[in-house]
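The values are calculated or read from the model by the stated rules, or taken from the named source; none is laboratory data. This structure is a prediction, so every number in the text was calculated from the model and none was measured. Cβ placement follows ideal geometry from the backbone for every residue including glycine, while neighbour counts extend to all protein chains displayed.
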């Protein structure tokens, strides 16, 4: 099926148009989206993976002009439905040298839909810095020489001033992306497409930003039916204790206490699972110390974001939308720090420089352990003493990482690259999977999470199958057993693939289940989905992502965890002295591959591809 095919129909929910921008040639084209592709891959994440599979040379250098960067939205994005704001940047990651899809909320995705486009494909490399301006039908490349070197918040303000519209949405990179840091991100209104180095891909293309403003509504198939569903969902959001009370009040900070008590709050670069300073970082303490008010993404009644303001001390005048749980952990327990103001400041600096907070914090924690173990000294670190608990190094170190100055250049590409540079036994405690730093749930405390980290196509990731709800926050599963974990991860990965592609936020999961997702698709697009058909689409997307990874060389050896997870046991809490044995983990992998329909090396079988009609749909 040709992506340029025009089928002579209106795709409700979709705009039916994708921008194709060739920076090398300075050309901008508008491509039609076929209903076949939309129905098979749902939107956003799924459609971008399909385009990547069809149009990207698997041998391409991620930072070369031959790589492509795809921004894509789903059919629910920009509608009146609650929590429909998620969008994705998809590319070949410079951090993992493989497939990457990075998701964010906020307002940028809906604004692109209002301008009349489902997505943007970006190719080539501009001769000089540029940004893409999308004002409804008017799309152009504009000079960005004076923007190069600016922080992300400065860039947003400058573009809004230049285009004389304060409501323009801007997705931009900071100095980290310009300097091709492989842990750099893309930022818009304090929301970030964070993982895997997508900012470096923009930087390699001399693309500073994308600015968008739209004035059209998103057309849907059944406006009356959708309006009734919107009213029903909003009532259920209010009635549910999590979406109606807990998340609006506490946000993701509410996870600090239960995860710490579960003994799986990674501390000092995963050396421990309980943090002695957790009480200073829990939801109630943050509300008393730094949190000023809640913030929300487009069309979201939850408002799980928390704006922090620091009025005194060394971090006075810090104002940042955050930190969320993962960032709170990365610059908190992971680095042995219990100062909320220091963590909020680090969050702000990462956003301004365009650095992924999870990778940046974890890489600093890794460097701290290397320093304390004597693998590096002040002669290596530009005179900085990198010790756990010392947050005073954050500002200088993050600046050096973003600008690739001195020791910052060693850390600018994440923990695995730093371990290769530092040497010794440092790779044993480089806490990453496939090159991507693993986040804030110690897999020794939840074995389903161990499997989820290992089998995530983009590398160590909690978002593709968040088993914590089933394993830790409820008693549905014994978290120190393997029974049912392969099936659980398989199920969650398929569901998440579908939901992400449609554009609904993970925080809506308490209210918006698969039945509701079917309603959303059918009322929005007019397509005839059933729960089974929707889940199969999610499975199709996940298998396509695996194909993208395996053709880049990812195999069973990469579906693994850092040596520390198998070699060291935790000493406190429920996981105390509980060992996740490598052979136990490998049996989970075997079971997972069997359920997936993959061969023993983790490659989808011909039979599975035929069952999901992947080659048939893509025309291979």
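Just a few scattered comments:
- The stretch 206-233, subset touching a residue at least 12 places away in the same chain (Cβ under 8 Å) and loosely packed, with under 15 Cβ neighbours inside 10 Å, residue nearest to residue 527 (Cα to Cα): 225
- Inside the stretch 433-471, residues that are surrounded by fewer than 24 Cβ atoms within 10 Å (Cβ to Cβ) and either in a helix (DSSP H, G or I) or over 15 Å from the mean Cα position of the chain (by Cα) (or both) make up a count of 3.
- Residues that are under 21 Å from residue 113 (Cα atoms) and in contact with a strand residue (DSSP E or B) (Cβ under 6 Å, 6 or more places away or on another chain) were ranked within the stretch 147-160; the one that is surrounded by the fewest Cβ atoms within 10 Å (Cβ to Cβ) is 156.
- Taken over the stretch 164-205, the criterion of being crowded, with 24+ Cβ neighbours inside 10 Å and more than 17 Å from the chain's Cα centre (by Cα) is satisfied by 169, 170, 174, 175, 176, 178, 203, 205.
- Enumeration of residues in the stretch 389-428 that are under 22 Å from residue 585 (Cβ atoms), more than 23 Å from the chain's Cα centre (by Cα) and part of a helix (DSSP H, G or I): 419, 427, 428
- Filter result for residue 549 (crowded, with 23+ Cβ neighbours inside 10 Å and modelled with pLDDT under 95): no
- Of all residues in the stretch 599-620, those that are at negative phi and surrounded by 12 or more Cβ atoms within 10 Å (Cβ to Cβ) have Cβ atoms under 6 Å from Cβ atoms of residues that are at pLDDT below 95 and assigned to a helix (DSSP H, G or I), 6 or more apart or on another chain, in 609/615.
- From 463, 398, 411, 451, residue being in contact with a helix residue (DSSP H, G or I) (Cβ under 9 Å, 6 or more places away or on another chain), at pLDDT 95 or above and outside the structural domain of residue 333 (by TED's automatic domain parsing): 451
- Residues located in the stretch 257-276, provided they are surrounded by fewer than 21 Cβ atoms within 10 Å (Cβ to Cβ) and within 17 Å of residue 324 (Cα to Cα): 257, 258
- Entirely in the stretch 161-266, the strands (runs of 3 or more DSSP E) that have 2 or more residues that are within 22 Å of residue 64 (Cα to Cα) and touching a strand residue (DSSP E or B) at 6+ places or on another chain (Cβ under 8 Å): 169-172, 186-188, 207-213
- Where strands (runs of 3 or more DSSP E) sit wholly within the stretch 26-93, those with at least 3 residues that are surrounded by 19 or more Cβ atoms within 10 Å (Cβ to Cβ) and on the phi < 0 side of the Ramachandran plot occupy 69-73, 87-92.
- Residues in the stretch 318-339 that are part of a helix (DSSP H, G or I) and either surrounded by 24 or more Cβ atoms within 10 Å (Cβ to Cβ) or assigned by TED's automatic domain parsing to the domain that holds residue 105 (or both): 327, 328, 329, 330, 333, 334, 335.
- Test result for residue 386, under 24 Å from residue 461 (Cα atoms) and over 20 Å from the mean Cα position of the chain (by Cα): no
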